[in-house]
Amino acid sequence: MPETNFKGIPASDGIAIGSIFCYIPTKLEIPVCVAGSVDEEMARFAAARERARVELQGLYDAIEKRVGKKEASIFEAHQEMLFDPALEEKIREFVEIGQTAEQALVMATEELARLLAGMDDELFAARALDVKDVGRRVLRILLGFPDTALSAVTEPSIIIAEDLTPSDTASLDPALTLGFITAQGGLTSHSAILARTLGLPAIVGMGDGLLDNISSGTFIVMDGRTGEMILEPDQETIARYKQIKTQRDSLLQILKAAAEKDALTANGRRVEVAANVGEASSARDALEHGAEGIGLLRTEFLYLEDTQPPSEEKQYRIYREIFEVMGTRPVVVRTLDIGGDKPPSYMPFPDEMNPFLGWRAIRISLDEPELFKTQLRAILRAAAGYQARIMFPMVSDLDELRRARDIVETVKRDLALASVEFAADVPVGIMVETPAAAVLVDVLAEASDFFSLGTNDLTQYTMAVDRGNAKVSGLFQPLHPAVLRLIQQTIEAGHTKGKWVGMCGELAGMTKAIPILLGFGLDEFSMNPRAIPEAKNLIGKLTDERAREIAGQAMSFGTSAEIENYMKGILAAL
Amino acid sequence: MAEATIQVKHKVGLHARPAALFVQTAAKFSSKIKVKNLTANGNFVDAKSIIMVLTLGVMKDHEVVIQTEGTDADAALDALKSLIEGNFGEA
């Protein structure tokens, strides 16, 4: 039989090669019989509930030992639901009108689960599944079935199921589980999260009918990164995936180890590797990828998602949540960076020939001081007790910077007068993204506590190229000698003035640029969270001396193509 | 009967750990304890039922009304109030 390919949603990275175990839960059919007295039926329920409690405690202990307290806590929650007085009361109501304990249990759990499932908030609605899971467990015990068929897995297998509940996955032995594939479920489903925690490959959302055409024992290959499943692969396919698996496993191990540690060069100099974050929820993602801070917190999303500017309270809450997630790690908050290319609906924008050279970023903030002050108040208040920094975008002139700082001081005075708690010592710096700022770093240092290079705009303004225009976008070359010179000058001038210099543009996360930037002495690299493990790994392979040699050599070339070519050779040899 | 209105400041509202703590605290008392979400203007539910407390959908900054009735009504109300006001033991 030839290979057959299926594709689902990739939910957890990794490759598994092996036989499948199709998990089809026992069908719990309630036999038709006459109910006993109310006391008899309630006593049967109470006895089954007690056995369910013992099972759940056993699952809690096993998962706590195997995975952790947090993952086990779901079974603590299940025990609370098991003994919920509302559940017992509902069951009693149904028993009193002549139902058996089994029928009453099913009706009661369905009714309560429906109440939860109908809630607007997804987080609350998701708890309906837990109520059902608890109900199913008690029903299974009432009917006299043993605990879940997944304990029947006796050799290493890939588990395929319609869907997996927390109770199902808890009885799995991770040593015998190669991966999960489910017909239902999404990226946030229980099995997807558990697979990531255990480091097992998983594919979810394969679609209905997954289990119709396959049976236990079939040999398959699954790729949790692409979401592909290959049934009965030929020898060639197996060999290919075995090779990919070996390579990826060893690379993942290296990268994981690198991400967990602070970034150090091969000679032991500490370099900060941080994340660029564009919404509140990605701060956790950044931490998971090993971010030592947030080097760029974009705040535009707050201004573009609504039909009115965000209130101080709303901003405060969102900033505060991010600071709390990051704890003692630094967070650089960039103030409003919008322009006529993407105007918010509530702000009248002039018609502009070229919005990228127009009314945008700090220029808007200075013209709309109330909008600016609201944001600064929210940041300064939320920063109390945390390591926040404020950064102005698109500064091109010392006067602009002085005026912006004056507004910061005014806001601080107002807050102090109103006896509102705020952070008085937040460092204030600028993004270096105009050539004007890059050549004036020594002058701007008067009023800037730090500098962070924004390489996308710096490249666009230096090369005078619109990268959205296909006719000229080839000139958008962040490794162009002109751009690199400005970067080098910025770092040197900043250091001469005793300021730290970071980078939050795309270049900071590109392996072909990192050795050069390290050689220039860049203090902080801020990037897309997913690029962090590889960047840390690369930094750890280079000494400062070697990086300086590479940077020196790179700067001797006259074109971006030559530099890229040279860097390709350097990276291949590392 | 004792009654109090309190704002829930915890970031997840009455969900997950805060909801569990709330119900566990209520269960320690013999009094009848009822709670409702004033912000969503729903009905009173049994404060000792985790499922019913979850159905209130109490989110951050929502106000809840707690009613206690029984021999330890005042102690129960105090315990639940200080649990919410102390942000469920989190800073």
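The values are calculated or read from the model by the stated rules, or taken from the named source; none is laboratory data. Here the structure is a predicted model, which is why all the values come from computation and not from measurement. Counting neighbours? That spans all protein chains shown, and the Cβs are built from the backbone with ideal geometry, glycine included. When the accessible area is computed, the model is the full protein with side chains, heavy atoms only, and any ligands, DNA or RNA have been set aside. Shrake-Rupley method; radii C 1.70, N 1.55, O 1.52, S 1.80 Å.
Answer yes or no as to whether residue A:187 is among the hydrophobic types (A, V, I, L, M, F, W, C), in contact (Cβ under 8 Å) with a residue 60 or more places away in the chain and in a loop (DSSP other than H, G, I, E, B). Break it down stepwise before answering.
Working: among the hydrophobic types (A, V, I, L, M, F, W, C): yes; in contact (Cβ under 8 Å) with a residue 60 or more places away in the chain: yes; in a loop (DSSP other than H, G, I, E, B): yes.
Criteria met by residue A:187.
Residues checked against (1) in contact with a strand residue (DSSP E or B) (Cβ under 9 Å, 6 or more places away or on another chain); (2) surrounded by 20 or more Cβ atoms within 10 Å (Cβ to Cβ):
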{"site": "A:169", "(1), (2)": "yes, yes"}
{"site": "A:174", "(1), (2)": "no, no"}
{"site": "A:196", "(1), (2)": "yes, no"}
{"site": "A:214", "(1), (2)": "yes, no"}
Discussion item. Take the conditions part of a loop (DSSP other than H, G, I, E, B) and touching a residue at least 40 places away in the same chain (Cβ under 8 Å) and apply them to residue A:207. Does it pass?
Written reply: yes
Item to complete: Quick one: in the stretch B:31-68, of everything that is open to solvent by 50 Å² or more (accessible area, probe 1.4 Å) and in contact with an Asp or Glu (Cβ under 6 Å, 6 or more places away or on another chain), which residue is nearest to the other protein chains (Cβ to nearest Cβ)?
Response: B:32
Worksheet item: Does the stretch A:109-124 hold any residues that are of a type in the set (Gly, Ala, Ser) and either surrounded by fewer than 17 Cβ atoms within 10 Å (Cβ to Cβ) or facing chain B (nearest Cβ under 7 Å) (or both), and which are they?
Response: A:117, A:118
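Looking at A:454, A:468 in this structure, which one is open to solvent by 60 Å² or more (accessible area, probe 1.4 Å) and over 20 Å from residue A:369 (Cα atoms)?
It is A:468.
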Item to complete: Return yes or no: is residue A:300 assigned by TED's automatic domain parsing to the domain that holds residue A:362, surrounded by fewer than 14 Cβ atoms within 10 Å (Cβ to Cβ), among the charged types (D, E, K, R) and farther than 17 Å from residue A:525 by Cβ?
Response: no
Worksheet item: Somewhere in the stretch A:240-250, is a residue within 22 Å of residue A:455 (Cβ to Cβ), modelled with pLDDT of 85 or more, surrounded by 14 or more Cβ atoms within 10 Å (Cβ to Cβ) and over 17 Å from the mean Cα position of the chain (by Cα)?
Response: no
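Please state which one of A:571, A:507, A:486, A:518 is touching a residue at least 60 places away in the same chain (Cβ under 8 Å) and buried (at least 18 other Cβ atoms within 10 Å of the Cβ). Don't jump to the end; show me each part of the working.
Numbers: A:571 fails: buried (at least 18 other Cβ atoms within 10 Å of the Cβ); A:507 fails: touching a residue at least 60 places away in the same chain (Cβ under 8 Å); A:486 fails: touching a residue at least 60 places away in the same chain (Cβ under 8 Å).
Only one candidate passes the filter, namely A:518.
So which of A:150, A:164, A:139, A:129 ends up being buried (at least 23 other Cβ atoms within 10 Å of the Cβ) and either in a helix (DSSP H, G or I) or in contact (Cβ under 8 Å) with a residue 24 or more places away in the chain (or both)? Show your work before the answer.
Details: A:150 fails: buried (at least 23 other Cβ atoms within 10 Å of the Cβ); A:139 fails: buried (at least 23 other Cβ atoms within 10 Å of the Cβ); A:129 fails: buried (at least 23 other Cβ atoms within 10 Å of the Cβ).
Being buried (at least 23 other Cβ atoms within 10 Å of the Cβ) and either in a helix (DSSP H, G or I) or in contact (Cβ under 8 Å) with a residue 24 or more places away in the chain (or both) holds for just one of A:150, A:164, A:139, A:129, which is A:164.
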Practice prompt. State whether one or more residues within the stretch B:72-91 are under 11 Å from the mean Cα position of the chain (by Cα), touching a residue at least 12 places away in the same chain (Cβ under 8 Å) and not in a helix (DSSP H, G or I).
Written response: no
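Here are some residues: A:291, A:286, A:274. Which one is buried (at least 21 other Cβ atoms within 10 Å of the Cβ) and in a loop (DSSP other than H, G, I, E, B)?
Details: A:286 fails: in a loop (DSSP other than H, G, I, E, B); A:274 fails: in a loop (DSSP other than H, G, I, E, B).
Among A:291, A:286, A:274, only A:291 is buried (at least 21 other Cβ atoms within 10 Å of the Cβ) and in a loop (DSSP other than H, G, I, E, B).
Would you confirm whether or not the stretch A:368-386 contains a residue that is assigned by TED's automatic domain parsing to the domain that holds residue A:449, closer than 15 Å to residue A:303 by Cβ, of a type in the set (Ser, Thr, Tyr) and not in a loop (DSSP other than H, G, I, E, B)? First the steps, then the outcome.
Here is the first cut: in the stretch A:368-386, the ones assigned by TED's automatic domain parsing to the domain that holds residue A:449 are A:368-386.
Now narrow it down to the ones that are closer than 15 Å to residue A:303 by Cβ: A:368, A:370-376, A:378-379.
Subset that is of a type in the set (Ser, Thr, Tyr): A:374.
Narrowing the set further to residues that are not in a loop (DSSP other than H, G, I, E, B) leaves A:374.
Yes: the stretch A:368-386 contains one or more residues that are assigned by TED's automatic domain parsing to the domain that holds residue A:449, closer than 15 Å to residue A:303 by Cβ, of a type in the set (Ser, Thr, Tyr) and not in a loop (DSSP other than H, G, I, E, B).
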